[in-house]
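Peer 1: What follows is a structure written as structure tokens; I'll ask about it next.
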Ligand SMILES: Nc1nc2c([nH]c(=O)n2[C@H]2C[C@H](O)[C@@H](COP(=O)(O)OP(=O)(O)OP(=O)(O)O)O2)c(=O)[nH]1
């Protein structure tokens, strides 16, 4: 019998600065490789979403961030993965983004986000951002 997919909890950040959002391109060899994403990753046992997001953004981009309110959530199911995503608004405290754990990263305006391919679970949020339903300051 196939093994049931376990739920993976993921924290991801809408990192905003000066009217732009920071997005990252996933490593080519990773699950969903080459797609763009909101920086973040899997929560470790006993970790809060805030701590997870700060750790992942430091590992992937070398940035220290402040994590603010949750702005959205989403789920993605396939035979191997059941992923629950928790999106938080974040601001940069120190550092300039460097692609330490991703292919590349980019500051983009909300309207530009439609030009970047994202994983299926992100599409409702991507559409909301593109249509101006999230205030990016
Ligand atoms: N960070 C992030 N992950 C996303 C987004 N959308 C989406 O479907 N995901 C999925 C891709 C992955 O299956 C999962 C995140 O896991 P990850 O592989 O990035 O996490 P990680 O850095 O902890 O990875 P690893 O230690 O297992 O290599 O969530 C998103 O916008 N941001």
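The values are calculated or read from the model by the stated rules, or taken from the named source; none is laboratory data. Just so it is clear, the structure is predicted and the values come from calculations on it, not from any experiment. Heads up, the Cβs are rebuilt from the backbone with ideal geometry, glycines too, and the neighbour counts pull from every protein chain shown.
Peer 1: Please find, among 86, 68, the residue that is touching a strand residue (DSSP E or B) at 6+ places or on another chain (Cβ under 6 Å) and surrounded by 15 or more Cβ atoms within 10 Å (Cβ to Cβ).
Peer 2: 86
Peer 1: For segment 26-40, enumerate the residues that are on the phi < 0 side of the Ramachandran plot and within 11 Å of the ligand (Cβ to nearest atom).
Peer 2: Matches in segment 26-40: 26, 27, 29, 30, 31, 33, 35, 36, 37, 38, 39.
Peer 1: While we're looking at this one, here's another question. Pairs please, first residue from segment 13-41 and under 21 Å from residue 84 (Cα atoms) and free of Cβ contacts under 8 Å to residues at least 40 places away in the same chain, second anywhere and within 8 Å of the ligand (Cβ to nearest atom) and assigned to a loop (DSSP other than H, G, I, E, B), Cβ atoms under 7 Å, 6+ apart in sequence or on different chains.
Peer 2: 33/26
Peer 1: Here's a follow-up. Restricting to segment 13-41, what's the tally of residues that are assigned to a strand (DSSP E or B) and under 22 Å from residue 73 (Cβ atoms)?
Peer 2: Final tally of qualifying residues: 12.
Peer 1: Can you tell me which residues in segment 114-134 are within 12 Å of the ligand (Cβ to nearest atom) and either under 21 Å from residue 11 (Cβ atoms) or under 12 Å from the mean Cα position of the chain (by Cα) (or both)?
Peer 2: Passing the criteria: 116, 118, 119, 120, 121, 122, 123, 124, 125, 126, 129.
Peer 1: Something else now. Quick check on this structure: which one of 16, 111 is touching a strand residue (DSSP E or B) at 6+ places or on another chain (Cβ under 9 Å) and more than 14 Å from the ligand (Cβ to nearest atom)?
Peer 2: 16 is the lone residue from the list that is touching a strand residue (DSSP E or B) at 6+ places or on another chain (Cβ under 9 Å) and more than 14 Å from the ligand (Cβ to nearest atom).
Peer 1: Counting only residues that are out of contact with any strand residue (DSSP E or B) (no Cβ under 7 Å at 6 or more places or on another chain) and more than 10 Å from the ligand (Cβ to nearest atom), how many does segment 44-59 have?
Peer 2: Number of matching residues: 5.
Peer 1: Within segment 21-59, work out how many residues are in contact with a helix residue (DSSP H, G or I) (Cβ under 6 Å, 6 or more places away or on another chain) and modelled with pLDDT under 95.
Peer 2: 0
Peer 1: Which one of the conditions (1) under 20 Å from residue 128 (Cβ atoms); (2) surrounded by fewer than 20 Cβ atoms within 10 Å (Cβ to Cβ); (3) in contact with a strand residue (DSSP E or B) (Cβ under 9 Å, 6 or more places away or on another chain) does residue 41 fail to meet, given that it meets all the rest?
Peer 2: (1)
Peer 1: Also: Say whether the condition of being over 15 Å from residue 14 (Cβ atoms), within 10 Å of the ligand (Cβ to nearest atom) and in contact with a strand residue (DSSP E or B) (Cβ under 7 Å, 6 or more places away or on another chain) is met by at least one residue in segment 89-97.
Peer 2: No: segment 89-97 contains no residue that is over 15 Å from residue 14 (Cβ atoms), within 10 Å of the ligand (Cβ to nearest atom) and in contact with a strand residue (DSSP E or B) (Cβ under 7 Å, 6 or more places away or on another chain).
Peer 1: Something else about it: Testing residue 10 on (1) within 19 Å of residue 125 (Cβ to Cβ); (2) more than 9 Å from the ligand (Cβ to nearest atom); (3) part of a strand (DSSP E or B), one condition comes back false. Which one is that?
Peer 2: Tallying (1) within 19 Å of residue 125 (Cβ to Cβ); (2) more than 9 Å from the ligand (Cβ to nearest atom); (3) part of a strand (DSSP E or B), residue 10 fails exactly one: (2).
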